[in-house]
Every structure is written in structure tokens, then in C-alpha cells.
Amino acid sequence: MKKIAVPTRGNAVDDHFGHCEFYTIFTLDDSGNLLSSEILPSPQGCGCKSDIASVFQKMGVSVMLAGNMGPGALNVLSSHGINVIRGCSGDVRNVLDAYLEGKLQDSGVGCGGHGDGHHCPEHGA
């Protein structure tokens, strides 16, 4: 099985990992078929300083499809064995489908800090 986390606001990928409304966690079988999805409330405060990476690790999350995040959050997630793909946007289910079809690649773009107004480019998938 594979678990994929998506920072979510409404039904869309949230532009900023650390300030999302909640996380959508997708569970896939070994063939990539969707088995289930669940909602995990977002902890209050900065994503890189919360314990969310260890929570994901304990849940078995191995991939995060994210909009934007700073280097601190990226480093914390990576150190917990979570592969982060930044630059995602749009409906969370459409983003998952694009990932499963091999259409997503990490944008390599992160935010430079909190409150700087910077937004990552949309992926276009």
C-alpha cells in the first residue's frame, strides 16, 4: 500500500503547506488503485515546526503533493522519508490522478519565508 498526503483547503491543494485547512490522505493499493481517502486536521502553527511530519511517517505516508512550502518544511518532511512534489494546484483528486499518470514533477520552487506573498507557479497538469 501507498499513502499520499495533500495539503487541502476546500477541495483544492492549498498554496501553503503550513497553513492548510486539513490534509487529504489517499491510500492506494500496490497497483495504484485508490482504496480510500481520509481527512487529517492540520495542526495550528507553522508546518515545519509542528509534529506533522512524524504523524505522516507513523501513518505510512510516503509522498506529499503540495503547492508551496519553505525549505524548513521540505527538509523536515524529507528527513521523515516523505517525497515532496511542489507546484501542484487545483482539485485534490485531479492532482492525485495527474500524479498517478506520471504527469507531475517537483517544481523546485519553494517560498522564501512567511508572509512574503510569493506563490509557486501552477503546474498546468
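The values are calculated or read from the model by the stated rules, or taken from the named source; none is laboratory data. None of the values given here were measured: they were computed from a predicted structure. Cβ coordinates were reconstructed from backbone atoms using ideal geometry, including for glycine residues, and neighbour counts include every protein chain displayed. For accessibility, only protein heavy atoms count, side chains too; no ligands or nucleic acids. Shrake-Rupley method; radii C 1.70, N 1.55, O 1.52, S 1.80 Å.
For the range 1-39, what are the residues that are in a strand (DSSP E or B) and over 18 Å from Met69 (Cβ atoms)? Walk me through it before giving the result.
Taking the range 1-39 and keeping what is in a strand (DSSP E or B), we get 2-9, 12-13, 22-28, 34-39.
Scanning the range 1-39 gives Lys2, Lys3, Phe26, Thr27, Leu28, Leu34, Leu35, Ser36, Ser37, Glu38, Ile39.
Yes/no matrix, rows are residues, columns are (1) basic (Lys, Arg); (2) open to solvent by 30 Å² or more (accessible area, probe 1.4 Å); (3) in contact with a Phe, Trp or Tyr (Cβ under 7 Å, 6 or more places away or on another chain); (4) modelled with pLDDT under 95:
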residue	(1), (2), (3), (4)
Gly70	no, no, no, yes
Gly81	no, yes, no, no
Gln105	no, yes, no, yes
Val109	no, yes, no, yes
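Candidates in the range 83-103 are the residues that are touching a residue at least 60 places away in the same chain (Cβ under 8 Å) and in contact with a strand residue (DSSP E or B) (Cβ under 7 Å, 6 or more places away or on another chain); of these, the one that is surrounded by the fewest Cβ atoms within 10 Å (Cβ to Cβ) is Asp91.
If you go through the range 1-37 and keep only what is among the acidic types (Asp, Glu) and crowded, with 19+ Cβ neighbours inside 10 Å, you end up with Asp14, Asp15. Taking the conditions (1) open to solvent by 40 Å² or more (accessible area, probe 1.4 Å); (2) touching a Cys at 6+ places or on another chain (Cβ under 7 Å) in turn, Ala66 satisfies each one other than (1). Remark: Ile52 matches the filter, which requires a residue to be free of Cβ contacts under 8 Å to residues at least 40 places away in the same chain and surrounded by 20 or more Cβ atoms within 10 Å (Cβ to Cβ).
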